[in-house]
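Structure first, then comments.
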Amino acid sequence: MARGKCEAGGMDEGAAGQRAARRGWLHRLRHRDHTRGALSISILALAVPSILTSLGAMGSFQLVELKLLGWMGPDAMAAAGATNQTLRQMILLMLLGLSAASQMLVAQLAGAGRIGDAEHIAGQTVLAGAVLWLAVTLAGIFAAGPLVRLVTDDPAVIALGTPYVRVAFPFLATVIFMQLATAILGGAGDTTTPMLVNFLVTPLALFAQWALGFGHFGLPELGFTGIAWGQGLGGLVGTAVLLRVLFRGRARVHLRRRHLLPDSTALSALLRNAWQPTLHFVARSSIVIFFMALAGRIGGEAQAAYTIGLRVEMLAFMVAFPMANACATLVGQNLGAGSLPRAWRAIFVTCAMQLALLLPMALGIFLFRGELAAWFSDDPQVTALAAEYLFYSAIALCFYGPYFAAFRAMQAAGSMLPPMLIAVSVALLLGLPLGVWLSRGELGATGMWIASMVYALVNCALTIGWLLTGHWTRPHRRAQER
């Protein structure tokens, strides 16, 4: 018996040691000092959790939710497109600008060792998000019908979409907070916590959508509105976990109630740095919406082919954008620490790693474009058009990694205006008119694909070119000289 107790005690001690080791590994990952050490390790430590979140949690959520909507019928699919892909997307674009501004300020302050000021900015970010949520909630409750009618005139879709918006928009508090918390923690150098929370929330939200949408486990069958309830309830769990992490001091940024008191100076700094990246993201989204409408004028086959092309491209973006966000954190923290050369090196190392990943991916898309298109559609005309689009898309994808790294690095340095002006100008002066001109006459959809590639290449070239001029470093050089 004594021996059994000793063995059991030894096993308990061993298990405790393993748990401590795991906690130690997680603690080191979340609290790594990114102003020193190997940059490649820092990039991987920041990017891999975000990539896993994009491909694993978010990607699987989109696919399973799409399947649930498919079981509900074409009207539910159309209503989801009208509400989630259009109305909700407009709100998320505003949120992306605020997230970029918050990540930049938190990263620079954390890199400078001014953790208290970083926590204050984090609190003001949450406060600004609460104001945005209040506006969205009021719009959803009192203007759901008119909002849905802005994007569709189908009576069946309006009938489904209106009650959905009334439920979904108040629940956007969870989306807003989780996105802003991810930006705050990412700026402080922690992308692991948001990954763990997303992997917790995704199965819970999908289960709730299934149960409430179809009336399982004795719950009411809410149909399409159950999709909104399920996603919102899952998001509440994620919000509660992140609140506990931030307010219990388990992250590098520790929020306290005093950080939520309005501070006009901090709020002004956030908003001053948020509107340019918002317009930057709007320019990209507007190009996609415009080309989708243009494809619809050419024909349903062209629109379906463009949709397939965007889905395939999204796989590359799910790798490239998290790595660019990792680069933004490194640039911000090292500029805050006064190490401009290390910030430059972070950009170059990120670009090299991006190219190492995206060039083989672009080559694979180029070589197997026909097979990829056929996997999404069995319509020969759609498959042929989608394969043709992927031919041109693969060329542009070779440059997207350095492009994302370039504009996110400049945003992290506080140089928000130049990348925004480039994105908006290229979209308005080149992308839109070239798409219209080349799609007319005999070229048709092929002209669209060429215009899309040219727009992407010019946008990438100008953004990377401006980064290399080093103009964005001038304020930081002057600060170091003083």
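Using alpha-carbon pairs under 8 Å, 6+ residues apart, how would you state the relative contact order of the chain in percent? Spell out each step's value before the answer.
On the way: 676 pairs, mean separation 93.2, N = 482.
Over the chain, the number comes to 19 percent.
Taking a ≥ b ≥ c as the square roots of the eigenvalues of the alpha carbon gyration tensor, segment 273-396 is oblate, as a/c is not under 1.5 and a/b does not beat b/c.
FRET efficiency for the pair Leu44 and Ile115, taken as 1/(1 + (r/R0)^6) with r the Cβ-Cβ distance and R0 = 30 Å, rounds to 0.80. Between Leu55 and Leu429, the contour length at 0.36 nm per residue exceeds the alpha carbon distance by 131.3 nm. Surface composition of segment 181-270: carbon plus sulfur atoms contribute 66% of the solvent-accessible area (1.4 Å probe, protein chains only, all chains present).
Could you put Phe321, Phe407 in order of accessible surface area, largest first, with the 1.4 Å probe and the full protein assembly present?
Heavy-atom accessible area, descending, gives Phe321, Phe407.
Span-like helix check, the chain: qualifying full DSSP H segments, with Cα axial length of 24 Å or more and mean Kyte-Doolittle of 1.0 or more, are 89-111, 115-142, 155-188, 192-214, 224-247, 340-367, 445-469. Only one residue of Leu204, Phe177, Ile141 has its Cα farthest out toward the positive end of the dipole of segment 137-248, where Lys and Arg carry +1 and Asp and Glu -1 on Cβ, and that residue is Phe177.
Computed over protein heavy atoms with a 1.4 Å probe, the accessible surface of the chain works out to 45 Å² per residue. Of the residues Gly465, Leu363, Ala343, the one whose Cα sits farthest toward the positive end of the charge dipole of the chain, with +1 on the Cβ of Lys and Arg and -1 on the Cβ of Asp and Glu, is Ala343.
From most to least packed by mean Cβ count within 10 Å, the peptides 260-267, 310-317 give 310-317, 260-267. Annotation: amide H of Leu255 within the under-5 Å range of Phe247, Gly249, sequence separation 5 or more or interchain, hydrogens built in the peptide plane.
At full extension, Glu221 and Ile141 could sit 26.6 nm farther apart than now, given 0.36 nm per residue minus the alpha carbon distance. Classification of segment 320-463 by its C-alpha gyration tensor yields an oblate form. The axis ratio a/c (a ≥ b ≥ c) is 1.5 or more, and b/c is at least a/b. Length gained on full extension, Trp344 to Ser268: 24.5 nm, using 0.36 nm per residue less the C-alpha separation. Taken about its Cα centre, the chain carries a charge dipole of roughly 2080 debye when the Cβ of each Lys and Arg holds +1 and the Cβ of each Asp and Glu holds -1.
Only residues of segment 395-412 count here: report those whose backbone N is under 18 Å from the spot 7 Å along Cα→Cβ of Ala352, or say none. Those under the cut-off are 401-403, 405-406. Which shape class, rounded, prolate or oblate, goes with segment 138-269 when its Cα gyration tensor gives a ≥ b ≥ c as root eigenvalues, a/c under 1.5 marks rounded, and past that a/b bigger than b/c marks prolate? Oblate, since a/c reaches 1.5 and b/c is not below a/b.
The values are calculated or read from the model by the stated rules, or taken from the named source; none is laboratory data. Quantities reported herein were computed from a predicted structural model and do not represent experimental measurements. Here Cβ is always computed from backbone atoms with ideal geometry, including for glycine, and neighbour counts include all displayed protein chains. Please note that ligands, DNA and RNA were not included when accessible areas were found on the heavy atoms of the full protein model with its side chains. Shrake-Rupley method; radii C 1.70, N 1.55, O 1.52, S 1.80 Å.
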